[in-house]
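Since the structure comes first, as structure tokens, the remarks are kept for the end.
The values are calculated or read from the model by the stated rules, or taken from the named source; none is laboratory data. Given the structure is predicted, the values throughout are model-derived calculations rather than measurements. Counting neighbours? That spans all protein chains shown, and the Cβs are built from the backbone with ideal geometry, glycine included.
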Ligand SMILES: *Cc1c(COP(=O)(O)O)cnc(C)c1O
């Protein structure tokens, strides 16, 4: 069971509380498995050096492997569907940098686009042609986007979109959903997914009561929970922000009608509907979940894929809303490196390839094959686990029964997951080191890659029992 109460130990250290003995045993067993099979000397040396100067040894918490044990992987290089750690171990990569690498690692055209851009200068803090081309291209593909502003991360995109919504509506509060992750902006860390969830942090110190009070939390796929909040806070709510497919508590698809009901409620209450498509944008369809499910939000947050592996975020929407932004409107938002030519070039090349090749058909086939293979494994071994998938994003929940709401993930056997993760890693299959993160298939994966992962999954599940 996941810890939901604060505990004495700093959860960032280990990701578990002392009371979670079974989880700790799972992690210890997992660490043994990895050490039996993989050499991790160089990674270990780097990790201990890092711990002296970087908090927890990492620049983003989940990378520390706290929830699964063992030494985090230090990556030397990646190519296509594979990456190699500094000790020379090879992995089939289903993390794909947590989503951005829809074309796999070091895709030649993307590398070439970055190289060409770098040769002309890496940053100007001035306008470039490539940012205009990219803005036009995104606006032509993503249904809700008439205008778009580039930023440097998904976190910045959601923070800016919410500020804009508040500026436009003149209202303070925002409705979010339990288990959704929108980056690490103060108001978003209440009941968030991703690392906040993995590490069992119930929120975060450093967030003011004011920020917490302006965040209202509803339950995904439970429209009544939204209605109740809207009724209780009439005229106070600026926006509803949602991951249209939950991707940071594992993958949880929206139930039929849920997104449309959000659209209707937002319209009735004259608040904005914001889709955080930082994962789903250009992932579940070229135009994201809004294209896939046919529901158009007022504002859309993008990131990950549109950076082609470089740091990027963006937010866009209807013209009359976006024109509230400085310098033509009063809502301030800015960035020294925003629209950076390297990031724009990598993103533009990536999106052009996505448009040119029939990538989404292939991704659907590979995703379906992985899902079917995992389900077959689960059935053959008589396990109660469950797989959720939307296109090329997928997760295996160590939960007995269907996972339709965030609350269903609370029963996840994180101890079994830790051992499973180690078994997979030791077989050269790299999924996210958390029971609550999505796995991603890229266009660089082959049918053979998928079959290898399915076979490793069978043996790993068998070993975990
Ligand atoms: C990753 C993510 C973010 C944050 O993006 P960063 O680039 O990590 O700041 C926001 N929203 C969603 C849905 C994400 O998956």
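Report, by residue number, each residue of the range 226-258 that is within 15 Å of the ligand (Cβ to nearest atom) and either without any contact (Cβ under 8 Å) to a residue 40 or more places away in the chain or assigned to a helix (DSSP H, G or I) (or both).
If the condition is that a residue be within 15 Å of the ligand (Cβ to nearest atom) and either without any contact (Cβ under 8 Å) to a residue 40 or more places away in the chain or assigned to a helix (DSSP H, G or I) (or both), then 254 is the only one that fits.
Among the residues of the range 302-310, is there at least one that is more than 16 Å from the ligand (Cβ to nearest atom) and modelled with pLDDT of 95 or more?
Checked against the condition, which is being more than 16 Å from the ligand (Cβ to nearest atom) and modelled with pLDDT of 95 or more, the range 302-310 yields no hits at all.
Filter the range 120-134 down to the residues that are surrounded by fewer than 11 Cβ atoms within 10 Å (Cβ to Cβ) and at negative phi and list them by number.
Answer for the range 120-134, where residues must be surrounded by fewer than 11 Cβ atoms within 10 Å (Cβ to Cβ) and at negative phi: 126, 127, 129.
Looking at the range 117-202, what helices (runs of 4 or more DSSP H) fall wholly within it and have at least 3 residues that are within 16 Å of the ligand (Cβ to nearest atom)?
Hits in the range 117-202: 154-169, 195-198.
Quick check on residue 80: is it crowded, with 18+ Cβ neighbours inside 10 Å, more than 16 Å from the ligand (Cβ to nearest atom) and not assigned by TED's automatic domain parsing to the domain that holds residue 308?
So residue 80 passes the test.
Within the range 372-404, work out how many residues are assigned to a helix (DSSP H, G or I) and either over 22 Å from the mean Cα position of the chain (by Cα) or surrounded by fewer than 20 Cβ atoms within 10 Å (Cβ to Cβ) (or both).
Qualifying residue count for the region: 8.
Check 274, 279, 237, 241 and return the single one that is over 25 Å from the mean Cα position of the chain (by Cα) and crowded, with 21+ Cβ neighbours inside 10 Å.
None of the others qualify; the one that does is 237.
The rows are residues; the columns are (1) without any contact (Cβ under 8 Å) to a residue 12 or more places away in the chain; (2) under 19 Å from residue 128 (Cα atoms).
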{"residue": "328", "(1), (2)": "yes, no"}
{"residue": "337", "(1), (2)": "no, yes"}
{"residue": "342", "(1), (2)": "no, yes"}
{"residue": "346", "(1), (2)": "no, yes"}
{"residue": "349", "(1), (2)": "no, yes"}
{"residue": "353", "(1), (2)": "no, no"}
{"residue": "356", "(1), (2)": "yes, no"}
{"residue": "361", "(1), (2)": "yes, no"}
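Just name the residue that is surrounded by the most Cβ atoms within 10 Å (Cβ to Cβ) out of those in the range 83-100 that are within 16 Å of the ligand (Cβ to nearest atom) and closer than 19 Å to residue 452 by Cα.
So, considering only residues that are within 16 Å of the ligand (Cβ to nearest atom) and closer than 19 Å to residue 452 by Cα, the one surrounded by the most Cβ atoms within 10 Å (Cβ to Cβ) is 96.
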